[in-house]
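Each remark here refers to the structure printed beneath this line.
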Amino acid sequence: MVPSGKHTSQNKRIGSQKDKNSSVTVAGIILAAGESKRFGKPKQLLSWRGKSILYRTVETAICSKLFPVIVVLGANASKIQESIGDLPIKIIINLNWKDGQSTSLITGLQILPKHQGAAMFLLSDTPFVNSALIHSLLQTYFQERKPITAPLVDGQRGNPVIFDKCTFPDLRMLTGDKGGRHLFTKFPVSWVPWYDRRILFDIDTPNDYEHLLAEEI
């Protein structure tokens, strides 16, 4: 197992999302440290359309030219790491995953390059987040350069979310199970209207997974 604060470096540069007029890049940090307590087994390894949910999320981040792509693991780390070991990513283990999502956010930020201009945080159990959405968020971020860029579906905030580096100190101060949503009242936000409500779908229970397999979303 990789200790917290250290990581396996499997990264091969495949491209980065940049503004033509600057060196700003957007990393992809995938939060996959939870134990899936409500589900009863690791959701990250659930199969959908021939691949695991997490594998698909990582592939989407890579294909969307986020760089680097970082996966934060915690519960069941060894088994999950094996399932994505062939991908060009960085993996870091959050040994404090039981203390809530904030610890995974902070762990992911630990290994960002010093020059990193922004990071997009993705969840590992939202299978309908695709490259089209990510590209739209990136385009808006580079056009408006607000501290936070997020999708909005029928008035409801969705994921993934881009946080500019100006928010990193505040992200590092989060505690417990608080996610980055607590920063939305402090920093200006660019909202990206999105047409597909399925991006709000996440897998919490076996019933959710059954609906996903039946494409009843």
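Here's a check for you: in the stretch 57-77, which residue that is within 19 Å of Phe39 (Cα to Cα) and surrounded by fewer than 24 Cβ atoms within 10 Å (Cβ to Cβ) is nearest to the chain's Cα centre (by Cα)?
Among those that are within 19 Å of Phe39 (Cα to Cα) and surrounded by fewer than 24 Cβ atoms within 10 Å (Cβ to Cβ), it is Gly74.
Across the stretch 189-206, what is the number of residues that are assigned to a loop (DSSP other than H, G, I, E, B) and out of contact with any helix residue (DSSP H, G or I) (no Cβ under 9 Å at 6 or more places or on another chain)?
Narrowing the stretch 189-206 to residues assigned to a loop (DSSP other than H, G, I, E, B): 194-196, 201-205.
Going one step further and asking which of them are out of contact with any helix residue (DSSP H, G or I) (no Cβ under 9 Å at 6 or more places or on another chain), we end up with 195, 205.
Here the count works out to 2.
Suppose we filter Leu112, Leu105, Leu122, Leu152 for residues that are under 27 Å from Ser52 (Cα atoms) and part of a helix (DSSP H, G or I); which single one remains?
Step by step, each of Leu112, Leu105, Leu122, Leu152 is checked, and only Leu105 is under 27 Å from Ser52 (Cα atoms) and part of a helix (DSSP H, G or I).
For the subset of the stretch 78-110 comprising residues that are of a type in the set (A, V, I, L, M) and closer than 20 Å to Pro147 by Cα, which member is nearest to the chain's Cα centre (by Cα)?
Residues of the stretch 78-110 that are of a type in the set (A, V, I, L, M), as a first pass: 80, 84, 87, 89, 91-93, 95, 105-106, 109.
Those still in the list that are closer than 20 Å to Pro147 by Cα too: 105-106, 109.
Working: Leu105: 9, Ile106: 13, Leu109: 12 Å.
So, considering only residues that are of a type in the set (A, V, I, L, M) and closer than 20 Å to Pro147 by Cα, the one nearest to the chain's Cα centre (by Cα) is Leu105.
Does any residue of the stretch 100-113 turn out to be of a type outside the set (Val, Ile, Thr), buried (at least 20 other Cβ atoms within 10 Å of the Cβ), at pLDDT 95 or above and over 22 Å from Phe184 (Cα atoms)?
There is no residue in the stretch 100-113 that is of a type outside the set (Val, Ile, Thr), buried (at least 20 other Cβ atoms within 10 Å of the Cβ), at pLDDT 95 or above and over 22 Å from Phe184 (Cα atoms).
Out of (1) at negative phi; (2) modelled with pLDDT of 95 or more, what's the single condition that is false for Arg145?
For Arg145, the exception is condition (1).
I'm checking my understanding of the structure. Among residues of the stretch 168-188 that are modelled with pLDDT of 95 or more and in a helix (DSSP H, G or I), which one is nearest to Lys114 (Cα to Cα)?
Once the filter is applied, the top-ranked residue is Phe168.
The values are calculated or read from the model by the stated rules, or taken from the named source; none is laboratory data. As the structure is a prediction and not an experimental result, all values here were calculated from the model. Every residue, glycine among them, receives a Cβ derived from its backbone with ideal geometry; neighbour counts consider all protein chains shown.
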